[in-house]
1. Would you check if Leu82 is open to solvent by 100 Å² or more (accessible area, probe 1.4 Å) and among the hydrophobic types (A, V, I, L, M, F, W, C)?
2. For the stretch 52-90, what are the residues that are of a type outside the set (Val, Ile, Thr) and closer than 22 Å to Met104 by Cβ?
3. Give me the helices (runs of 4 or more DSSP H) completely within the stretch 10-72, filtered to those with at least 1 residues that are open to solvent by 90 Å² or more (accessible area, probe 1.4 Å) and in contact (Cβ under 8 Å) with a residue 40 or more places away in the chain, ordered by residue number.
Amino acid sequence: MGDFLNTVLAWIESTHLQQQIKDVDYAGLFSNPWFLVPFVALVLYLLYRQAFRDLIIVSLFVAVWWVSGLDYMQTMIVDGELQVSKVLPVFFGGAAVLGLVIYMLFGRSD
């Protein structure tokens, strides 16, 4: 299992995914019609279908993506050291979001 995990981590590192996510131009992305039209169509479709659970999950995904680009996240590492006082709110916020998603997917009956 550890060998498989190391292989997956090496593949993720070889794709430079973290650098690509860091270099995303958010303002340009949300003004690009090739992204915006399908995204708005998805939201309108979910509203039409009244799939509020799915709409909330998509909204949470966009919110986490937006929060990850804030200056607060950029200042979590100072001089190569992780700031524990800044990590704890992110940890508990992530746990709350994950708990909400798990509750919405498995805890409720429709």
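The values are calculated or read from the model by the stated rules, or taken from the named source; none is laboratory data. A quick note: this is a predicted structure, and the numbers were derived from the prediction, not measured. Here Cβ is always computed from backbone atoms with ideal geometry, including for glycine, and neighbour counts include all displayed protein chains. Side chains are part of the model used for accessible areas, which takes the heavy atoms of the whole protein and leaves out ligands, DNA and RNA. Shrake-Rupley method; radii C 1.70, N 1.55, O 1.52, S 1.80 Å.
1. Numbers: open to solvent by 100 Å² or more (accessible area, probe 1.4 Å): yes; among the hydrophobic types (A, V, I, L, M, F, W, C): yes.
Judged against the criteria, Leu82 is a match.
2. Start the filter on the stretch 52-90 by keeping residues that are of a type outside the set (Val, Ile, Thr), which leaves 52-55, 59-61, 63, 65-66, 68-74, 76, 79-83, 85-86, 88-89.
Within the stretch 52-90, Phe52, Arg53, Asp54, Leu55, Ser59, Leu60, Phe61, Ala63, Trp65, Trp66, Ser68 qualify.
3. On the way: elements: 17-22, 26-29, 33-48, 52-67.
Per the criteria, 52-67.
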